[in-house]
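Here's the structure, in structure tokens; my notes come after.
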Amino acid sequence: STMNHQLRLLRDAARVLVLTRLEADGLARYHILRERLEVIGSGVDPIPSDYAESPYFSPEHPEARGDFGVYIGRQSFDKGALHAADAIRSLRQRGRDIALLLIGSPTPEFERYRRRLSPEDRAAIRPLGILSDRDKHAVLSRARFLMLPSRADSFGIVLLEAWSHGVPVVAARAGGIPGVVDDGANGLLAPFADVDGLANAAGCLITDEVFARRIGDAGRDKVLAQYSWNVVAERALGVYRRVLGMP
């Protein structure tokens, strides 16, 4: 089969470059030697220099008004879009005036979900569709938090994009995300599909602005230290040097 062929190629490779330690652990279960697995991560592109010129940067924008969290990705169950929306609805039921802006491609399941909402909740759950990098960063820069409650992400580049703005993240303890987010240090994690856990984490960030700023700043520091393209490229080059016996 195709998968068996791919596994044979990986087992014969001098080195296999992976994004996270969790990804390495998964490949090791397929009998790929651990000493051949190298975790190098991924990099994040620089923030567009003109993001502040986007109409979404204005607090008066009709879709980006008030306080909001952001979800970025395909609006599917496995990506956690429905759980993110339910978490925001839970916060609103507790008296929090918070909305959720969703950036990314819609799905029939999410459109059916949203049609069933009350008019008040529907007004607070705001799909924006696919945005340009400039507009996406304009939205992120004003967000109270990014929510990525996905079980389908092997890494989560959007986490790095949020951290680049010092925005704290709430994410699922699933897939490769725990290999990127250090729970309680630079983000908050909850089990996949745990709506209450997501709501409590987001509520903590809304309530405690000092804590939210601290973990957002820690995320930015992690991006600078580990996930700039220069740093990632140097890690990859280090692997090639070791394989080739170069100093």
Two-decimal log10 I(q)/I(0) for segment 149-247, as the Debye equation yields it once each C-alpha is a single scatterer, q = 0.12, 0.20 Å⁻¹
-0.44, -0.94
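Viscosity 1.567 mPa s, temperature 4 °C: give me the Stokes-Einstein translational D for segment 29-127 in µm²/s, with Rh taken as the Kirkwood radius over C-alpha pairs. Numbers along the way, then the final one.
Details: Rh = 16.1 Å.
Roughly 80 µm²/s, to the nearest whole number.
Per DSSP H run of n ≥ 4, the term is -39500 (n - 2.57); total these for the chain, divide by its residue number, and report the mean residue ellipticity at 222 nm rounded to 500 deg cm²/dmol. Please report the intermediate quantities before stating the final value.
Working: 10 runs with 107 residues, N = 247.
Only helices count here, giving -13000 deg cm²/dmol.
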Per residue and in Å³, how big is the convex hull formed by the alpha-carbon atoms of segment 196-247?
95 Å³
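Size of the dipole of the chain about the Cα centre, Lys and Arg at +1 and Asp and Glu at -1 on the beta carbon, nothing else charged, in debye to 20?
Numbers: 33 positive and 31 negative charges, 126 e Å.
For the chain, the charge dipole is close to 600 debye.
Under the √(5λ) rule applied to the eigenvalues of the Cα gyration tensor, what semi-axes describe the equivalent ellipsoid of the chain? Give them in Å, descending.
Working: eigenvalues 238, 84, 54 Å².
In descending order the semi-axes read 34, 20, 16 Å.
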Counting only protein heavy atoms and a 1.4 Å probe, tell me what percentage of segment 58-139's accessible area is made up of carbon and sulfur.
47 percent
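If you take every DSSP beta bridge fully contained in the chain, what fraction is antiparallel? Give it as a percent rounded to 5. Could the numbers behind the result be given before it?
Working: 0 of 21 bridges.
Given both bridge residues lie in the chain, the antiparallel proportion sits at roughly 0 percent.
Give the whole-number value, in cubic angstrom per residue, of the convex hull volume spanned by the C-alpha atoms of segment 71-128. Walk me through the intermediate numbers first.
Numbers: hull volume 3.8 nm³, N = 58.
Convex hull of Cα atoms, per residue: 65 Å³.
Under the 0.36 nm per residue contour assumption, what length would be gained going from the current alpha-carbon distance of residue 45 and residue 196 to full extension? Show your work: numbers first, answer last.
Details: separation 151, 0.36 × 151 = 54.36 nm, distance 3.28 nm.
Net length gain for the segment: 51.1 nm.
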Positive-pole candidate from 71, 244, 104, dipole of the chain, charges at beta carbon
244
Once you keep just the Cα pairs under 8 angstrom separated by 6 or more residues, what percentage relative contact order results for the chain?
21 percent
Among 43, 165, 88, the residue whose Cα sits farthest towards the positive end of the charge dipole of the chain (+1 at Cβ of Lys and Arg, -1 at Cβ of Asp and Glu, taken about the Cα centre) is 43
If the chain between residue 67 and residue 52 were fully stretched, how many nm would it gain, using 0.36 nm times the residue separation less the Cα-Cα distance?
3.6 nm
For every other residue with a beta carbon closer than 15 angstrom to the beta carbon of residue 136, add +1 if it is Lys or Arg and -1 if Asp or Glu, then tell me the sum.
-3
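The values are calculated or read from the model by the stated rules, or taken from the named source; none is laboratory data. Every value quoted in this text rests on a predicted model; they were computed, and no experiment measured them. Note that we place each Cβ from the backbone using ideal geometry, even for glycine, and neighbour counts take in every protein chain shown. Side chains included, ligands, DNA and RNA excluded: accessible areas come from the protein's heavy atoms. Shrake-Rupley method; radii C 1.70, N 1.55, O 1.52, S 1.80 Å.
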